[in-house]
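Note sheet for the following structure.
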Amino acid sequence: MTAGPPVVEVRGVRRTFGAVVALDDVSLDVHPGELVGLLGPNGAGKSTLLSLVSGLRRPDAGTVRLLGGDPRDARSRIGLGTTPQETGLPPTLRVGEVVDLVAGHYPDPMTRGEALARFGLEDLVRRQTGGLSGGQKRRLAVALALVGRPRLVLLDEPTTGLDVEARHVLWQALRDYHADGATVLLTSHYLEEVEALAQRVVVIDRGRVLADGSLRSVLDLVGLRRVLLTLPAGVADGDELAALPGAHSLAGRVASPAGDRVTVLASDADAFVRALVERGTPFRDLEVRGASLEEAFLALTAAQGERPDDEGRAGAGAPAATQEVTA
């Protein structure tokens, strides 16, 4: 992170959609050179927050500053690159033509070749955008967000629809661009993505910031440990294990002829293992690891019930982030 005033300042922001409160007294600073991951379930308020920072909407209360100015002022947005969740591209224009069109709005843009090379799109330069696959369109959309060499990049679910290889290409392009001094704020449902990219994690749920700090500090907020062990088949069910002292919950059980491989989340791993020994439960291959970001995230956003999405529609209560991550 470099010295200087914040490139994004959010102070006491509230935003509603009818009776639905999308953001409730949110305050957040993003400083030059940071790469921040904004994490939360569907309806948490992530997209609403980005829309306020980019000037697409106004807050009902509070203030938002972008690069020191009003986000709705074009002079502030000249240093901003953004990719929303859904991007419309002119279907009859070629890829190279779209890049040139967007680049023409900036004083010192990348060349067509540089922008396409960053995302492995050089071979598609003459392809009409209407003929691109969903993943190719997504990579092009992120390339267009960077073509103007913005100081700040806002990316809303940047790798949605990409396969694993394309996702890693995009990750490396973002790392390279960030290494050149840019500030990046991204939302993602892929917890692996936030762990791979973000230096700082902001967890938001029901319109409020639940946690804000380094990846390590967010994991430490929960303090859970993963206890992995192998039990003989049929020994102890999940409810029995989860009820032992020190246990938080059963995270998984995989049966095999050699025994059941069990993962237990423990608030006190030592107490849990002692309870297993005192109970006389036979086990082997014991491992104790730190909790993953997914487990910390689920614990921080454990409130149940229907949650509205950012536009006030009813959504499912479970967090959308379900991809397993290795700690």
Taking L89, is it touching a Lys or Arg at 6+ places or on another chain (Cβ under 7 Å) and surrounded by fewer than 18 Cβ atoms within 10 Å (Cβ to Cβ)? yes
Tally, over segment 78-101, of residues that are among the small types (G, A, S) and touching a helix residue (DSSP H, G or I) at 6+ places or on another chain (Cβ under 8 Å): 2
If only one of L124, L140 is more than 17 Å from the chain's Cα centre (by Cα), open to solvent by 10 Å² or more (accessible area, probe 1.4 Å) and of a type in the set (A, V, I, L, M, F, W, C), which one is it? L124
Just a yes or no: is a residue in segment 286-295 closer than 25 Å to L219 by Cα, part of a strand (DSSP E or B) and among the acidic types (D, E)? yes
Would you check which residues across segment 59-74 are open to solvent by 10 Å² or more (accessible area, probe 1.4 Å) and in contact with a Leu (Cβ under 9 Å, 6 or more places away or on another chain) and list them? P59, D60, G62, V64, L67, R72, D73
Residue in segment 190-205 that is more than 12 Å from the chain's Cα centre (by Cα) and closer than 19 Å to L50 by Cα present: yes
When you scan segment 10-41, how many residues do you find that are surrounded by fewer than 19 Cβ atoms within 10 Å (Cβ to Cβ) and either assigned to a strand (DSSP E or B) or in contact with a helix residue (DSSP H, G or I) (Cβ under 7 Å, 6 or more places away or on another chain) (or both)? 11
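The values are calculated or read from the model by the stated rules, or taken from the named source; none is laboratory data. This one's a predicted model, so the numbers in the text were calculated from it and none came from an experiment. Neighbour counts run over all protein chains shown; Cβ positions are idealised from the backbone, glycine included. Only protein heavy atoms, including side chains, enter the accessible area calculation; ligands, DNA and RNA are left aside. Shrake-Rupley method; radii C 1.70, N 1.55, O 1.52, S 1.80 Å.
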